[in-house]
Structures are given as structure tokens and as C-alpha cells.
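Notes to accompany the following structure.
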Amino acid sequence: MQTIVAKFGGPAIATLEKIQQVAKKVINEQARGINLVVVVSSMASVRRELRQFAQEITDQPSKREMDVLVATGAQMTSALLAMAIQEQGGKAVSLTGWQAGIYTNSTHQNARVDTVDTARLKKHLALGEIVVVAGFQGITEDECISTLGKGGSETSAVAIGVAIGAERIDIYSNVDGIYTADPMIVQQASKLKELSYDEMLELANLGAHILHPRAVELAKKYFMPIVVRSNQSDVEGTLIKGDIEMEKNLIVRGVAYESDIIRLTIGYDSYETASLSEVFSILAEHDINVDIIVQAVIDNVKPTISFTISKDEFAESLRVLESSKLSLGFSFADFEVGLAKVSIVGSGMASNPGVAARMFARLGKEHIPVKMVSTSEIKVSVVVPQDEMIRAANVLHDEFNLAVKVMNQ
């Protein structure tokens, strides 16, 4: 029998009624002759309540105890889903992360999976049970409960799938696949039949929130196929894998965007005092993610280093820079808010020169100012004013003919 790992989270398990609907869906899946492991996250309302409990106790809870606390959310969901499956006549058992054999490093709240002991999972599957695993969590070498941070449940699903040799990972979402752009802001967006790991990884890093980059990276490493599909209807989703059949004329395969970008600029009195490595080493030590970087060194002009960060990390970035001003040797710092990042992604860009020029030409024609640029083999990102983000996404979607109904080709 083939084995599939299915992950449900967010809207799919938001209420008891929806959990019962998931139970019906997974029973039907198992009836097709499939061994099924189901990974669930916590209900959003429960997760918020658990964090609120902690905040009412202390402003600075320990990371270890927060892991113990928030892990109970997914455990509750897994138990409720197992009960719902049993109530509808199915066989099911719920397991916590550690019961499922997920071992992690000891970085609380952002742990990484080291190994998965599959003995217990395989035992329950051999009994014909649907195994419902609490996602987002594991156990450390010294037997402390750990959580995996953002994208943890998806990462749990992929890690389990790799360990048990699953045929694929099904990610059930409130959308029925990956689109050429966010259908909420680009009405002509069309669903993609397939994406490569690299394309999905770029889209995930650039603001497409359907899949977390960590899960995609793990799937790519072990060549584990992922299907993003609807939790509401039984329609074909989007397959994410290694090699794909490129749709005709689709050099660019998707447009992504990210709002609330801030550009930070630090300046130096002379080039000799400017050090890229020191600046970004200090920011990295404080877990501050930096995106687009531009260094300007021009004769007779004071050198500057500009980089973008998310709105959430702005205050911490300023604090770190100010506290390190003497050691870094910069003379001033400035920032610009009200910015967004818009990106085009496609594996075909690597062998088709002129894509960036075409992008800039269309943005120029539309009088959308470009403030910063970043490129790789399969993507080009631009920083534009926030109030131009939606228009930029739409015109680029149009420029690269992404309104074509890809699923029908």
C-alpha cells in the first residue's frame, strides 16, 4: 500500500465542525487503499489563547516553557480529529510529536528536525489506523518538548514523509493550488499545474504564504513531491517536484509581493571604515533577516550601505545598529518606510536574457518608481512604493502573459 502524509492547518481545522469534515475526508482517502498519516496544527483561536495565558503570567516567559505550553494546541487538535474519525467509524490514533519519534535540536521555539524514529508510526499504520500527529513539535536529546517555529507543521509533515518513504505530501489549504499570483489582488491569476522546488522556494521566500520555505527546502533535499490542494473540494492541485514540464512561453511563472518593507541606510565618512561583513554579522547574531542589499561607493561621495528588512524587525534593527555604532564605525543612519517588494519568478529566466529589462521597461511605462533591485538566476525583485504594489503586481502579470489558463494546457 502506498503511504501519503496529509497536513491540515489554518481554516481547515478552525472549528469542531471543520474538524469533523476533515475526519470524513481522511476516511475517504484511506478507503482508496492508502496508508495515511495526518499532521495537524493548532486551532488559531486556541494558539492565541495559550499565548495570552502566558502574557498574563509574565512579560518574559522562558522559551522552554513556552514550547511546553504552545505544543498542547496541536495535541488538542490531533486528539479531537482522532475522536472524530473514530466517531465516524474509522480507526485512528493521535500522537504527540515526541510519540511520533520527531527528534530535534535544542533551539526552543525554532528547533530543527534531526531524525524521525518511524517504529511507532509504522506499527499503527500496520494496524490499519489513520495516524494523527500533532505538528509543529518534537523532543530534544535531553527529552524536552520543542517547537519548530514558523512553518513547523508543514516541516513536520515533510520530515515524517521522508522518514517513512511516503509517496507524497498533501498540503490541504483554503486555496486549490499555487497560482501565478495572489488571486485576491490579481483577478487574472491562473492555477499552475506544476512548479519546481526552486520556483516554489523563491515564491515562498518572496511573500507567497501557501508553503513555508523550510518545508520546501526539506522536500527538495530528499526529492519528496508536495501537492497543494483544496480542503473544501476534490480538485486537482499543484504538484511541486524537481523537473517539470515547462508551460509554453511561460518564462516567468509567477508574481509575488511582500508589503511593509523598510529600507535602512547607514553611511560612513570614508570607505576604509565601511565593512559589510561586520554590519551583517551583528544583525545575524540578533536573528535579524536582511533582504536586498546595495552598497554605494562613489568618488567624492560618502559611502553608504542600504538594505531592506520587514516592518516587524525595524525597531530591533535600529536598536542593534545604535548600540553597535562605535564598533561599526558608521556616521549616520536613515530609513524609508512605505515600501513593498514585487518579484517575478521562473526557471526559464535563467536561459532567456532580457527578462529584467522587460520588467523595468514595463514598470517605467507605468510610471512606477523602482527604488532597489535584487536578482538571481530565476527571480527579479524590485522595491516600489507601497501604494504601487498591487498595480505593479498586476502590470507584471499582464506583461509576462500569465493570465493564460495554465491548467488547461
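Within the range 125-140, track down each residue that is in contact with a Phe, Trp or Tyr (Cβ under 7 Å, 6 or more places away or on another chain) and either open to solvent by 10 Å² or more (accessible area, probe 1.4 Å) or of a type in the set (Asp, Glu) (or both). Lay out the reasoning, then the answer.
First pass over the range 125-140, keeping only residues in contact with a Phe, Trp or Tyr (Cβ under 7 Å, 6 or more places away or on another chain): 138-139.
Of everything in the range 125-140, just one residue is in contact with a Phe, Trp or Tyr (Cβ under 7 Å, 6 or more places away or on another chain) and either open to solvent by 10 Å² or more (accessible area, probe 1.4 Å) or of a type in the set (Asp, Glu) (or both), namely Ile139.
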Within the range 67-83, considering residues that are open to solvent by less than 40 Å² (accessible area, probe 1.4 Å) and in contact with a helix residue (DSSP H, G or I) (Cβ under 6 Å, 6 or more places away or on another chain), the one farthest from Ser94 (Cα to Cα) | Val70
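Just checking, does the range 90-98 include any residue being open to solvent by less than 80 Å² (accessible area, probe 1.4 Å), of a type in the set (Ser, Thr, Tyr), modelled with pLDDT of 95 or more and over 25 Å from the mean Cα position of the chain (by Cα)?
Of the residues in the range 90-98, the ones open to solvent by less than 80 Å² (accessible area, probe 1.4 Å) are 90, 92-97.
Checking which are of a type in the set (Ser, Thr, Tyr) leaves us with 94, 96.
This time we only want the ones that are modelled with pLDDT of 95 or more, so: 94, 96.
Still in the running and over 25 Å from the mean Cα position of the chain (by Cα): 94.
Yes: one or more hits.
One line per residue, one yes/no per condition, for (1) in contact with a Lys or Arg (Cβ under 8 Å, 6 or more places away or on another chain); (2) surrounded by 12 or more Cβ atoms within 10 Å (Cβ to Cβ); (3) hydroxyl-bearing (Ser, Thr, Tyr); (4) farther than 22 Å from Asn394 by Cα:
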{"residue": "Glu313", "(1), (2), (3), (4)": "no, yes, no, yes"}
{"residue": "Ser331", "(1), (2), (3), (4)": "yes, yes, yes, yes"}
{"residue": "Phe335", "(1), (2), (3), (4)": "yes, yes, no, yes"}
{"residue": "Ser343", "(1), (2), (3), (4)": "yes, yes, yes, no"}
{"residue": "Ala357", "(1), (2), (3), (4)": "no, no, no, no"}
{"residue": "Arg362", "(1), (2), (3), (4)": "no, yes, no, no"}
{"residue": "Ile368", "(1), (2), (3), (4)": "yes, yes, no, no"}
Name every residue in the range 244-289 that is among the hydroxyl-bearing types (Ser, Thr, Tyr), at pLDDT 85 or above and open to solvent by 50 Å² or more (accessible area, probe 1.4 Å), in order of residue number.
-> Tyr257, Ser281
Would you say Leu218 is part of a helix (DSSP H, G or I), within 18 Å of the chain's Cα centre (by Cα) and closer than 22 Å to Ile390 by Cβ?
-> no
Select from the range 11-29 the residues that are surrounded by 13 or more Cβ atoms within 10 Å (Cβ to Cβ), under 26 Å from the mean Cα position of the chain (by Cα) and polar (S, T, N, Q) and list them in ascending order.
-> Gln21
Could you grab me the full set of residues in the range 153-175 that are over 17 Å from the mean Cα position of the chain (by Cα) and open to solvent by 30 Å² or more (accessible area, probe 1.4 Å)?
-> Val162, Ala163, Gly165, Glu167, Arg168
Within the set of pairs 6+ apart or on separate chains, which have a first residue in the range 106-123 that is more than 28 Å from Asn35 (Cα to Cα), a second that is assigned to a helix (DSSP H, G or I), and C-beta atoms under 6 Å apart?
-> His108/Lys63; His108/Arg64; His108/Asp67; Gln109/Lys63
So the helices (runs of 4 or more DSSP H) completely within the range 104-207 holding 2 or more residues that are under 24 Å from Gln21 (Cα atoms) are 119-126, 152-164
Residue satisfying condition, being open to solvent by 50 Å² or more (accessible area, probe 1.4 Å), under 22 Å from the mean Cα position of the chain (by Cα) and not polar (S, T, N, Q), within set Arg32, Arg48 = Arg48
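In this structure, is Asn352 touching a residue at least 60 places away in the same chain (Cβ under 8 Å), under 30 Å from Lys191 (Cβ atoms) and surrounded by fewer than 16 Cβ atoms within 10 Å (Cβ to Cβ)?
It is true that Asn352 is touching a residue at least 60 places away in the same chain (Cβ under 8 Å), under 30 Å from Lys191 (Cβ atoms) and surrounded by fewer than 16 Cβ atoms within 10 Å (Cβ to Cβ).
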Quick one: how many residues across the range 221-243 are under 12 Å from Val162 (Cβ atoms), open to solvent by 10 Å² or more (accessible area, probe 1.4 Å) and either out of contact with any Leu (no Cβ under 8 Å at 6 or more places or on another chain) or part of a strand (DSSP E or B) (or both)?
-> 3
All but one of (1) open to solvent by 50 Å² or more (accessible area, probe 1.4 Å); (2) touching a residue at least 24 places away in the same chain (Cβ under 8 Å) hold for Ala6, so report the exception by its number.
-> (1)
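Determine whether Ile298 is in contact with a helix residue (DSSP H, G or I) (Cβ under 6 Å, 6 or more places away or on another chain), within 29 Å of Leu276 (Cβ to Cβ) and either touching a residue at least 40 places away in the same chain (Cβ under 8 Å) or exposed (fewer than 14 other Cβ atoms within 10 Å of the Cβ) (or both). Write out each step before concluding.
Numbers: in contact with a helix residue (DSSP H, G or I) (Cβ under 6 Å, 6 or more places away or on another chain): no; within 29 Å of Leu276 (Cβ to Cβ): yes; either touching a residue at least 40 places away in the same chain (Cβ under 8 Å) or exposed (fewer than 14 other Cβ atoms within 10 Å of the Cβ) (or both): yes.
The answer is no for Ile298.
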Checked the range 371-389 for anything buried (at least 17 other Cβ atoms within 10 Å of the Cβ) and closer than 19 Å to Val345 by Cβ; matches are Met372, Ser374, Ile378, Lys379, Val380, Ser381, Val382, Val383, Val384, Met389
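The values are calculated or read from the model by the stated rules, or taken from the named source; none is laboratory data. Remember, it's a predicted structure, so these values are computed and weren't measured experimentally. Every residue, glycine among them, receives a Cβ derived from its backbone with ideal geometry; neighbour counts consider all protein chains shown. Just the protein is used for accessible areas: all its heavy atoms, side chains included, with ligands, DNA and RNA removed. Shrake-Rupley method; radii C 1.70, N 1.55, O 1.52, S 1.80 Å.
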